[in-house]
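What follows is a short report on a single structure.
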Amino acid sequence: MASKGLQDLKQQAEGAAQDAVTAAGAAVQQVVDQATEAGQKAMDQATKSTQETIDKAANQVTETVSGFGKKFGLLK
């Protein structure tokens, strides 16, 4: 009978350990998912910011060239 009690206790301990491992794995996966999402958001924001900078620079160049053209009578 004592053997049966020890067997049950061992099974309960193994079950609890397995539950803890499963919970830890789920927590790690959640952290990885959140880090991946945050990294993607950062990349999206960097891309957007870079594109806006390029657009502004292109507009400034266009305005400068247009200004030179008007100054030298090449454009009306």
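Quick grid of which residues meet (1) under 29 Å from the mean Cα position of the chain (by Cα); (2) surrounded by fewer than 10 Cβ atoms within 10 Å (Cβ to Cβ); (3) in contact (Cβ under 8 Å) with a residue 12 or more places away in the chain:
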| position | (1), (2), (3) |
| --- | --- |
| Lys4 | no, yes, no |
| Asp8 | no, no, no |
| Gly15 | no, no, no |
| Gln29 | yes, no, no |
| Glu37 | yes, no, no |
| Gln45 | yes, no, no |
| Asp55 | yes, no, no |
| Asn59 | no, no, no |
| Gly69 | no, no, no |
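Just wondering, is there one or more residues in the stretch 49-72 that are at pLDDT below 90 and outside any helix (DSSP H, G or I)? Looking through the stretch 49-72, at least one residue is at pLDDT below 90 and outside any helix (DSSP H, G or I).
Out of Ala13, Ala26, I need the residue that is in a helix (DSSP H, G or I) and at pLDDT 95 or above. Which one?
On the way: Ala13 fails: at pLDDT 95 or above.
Step by step, each of Ala13, Ala26 is checked, and only Ala26 is in a helix (DSSP H, G or I) and at pLDDT 95 or above.
The values are calculated or read from the model by the stated rules, or taken from the named source; none is laboratory data. Fair warning: this is a prediction, and the values are worked out from it, not measured in the lab. Please note: Cβ atoms are built from the backbone with ideal geometry, for glycine as well, and neighbour counts cover all protein chains shown.
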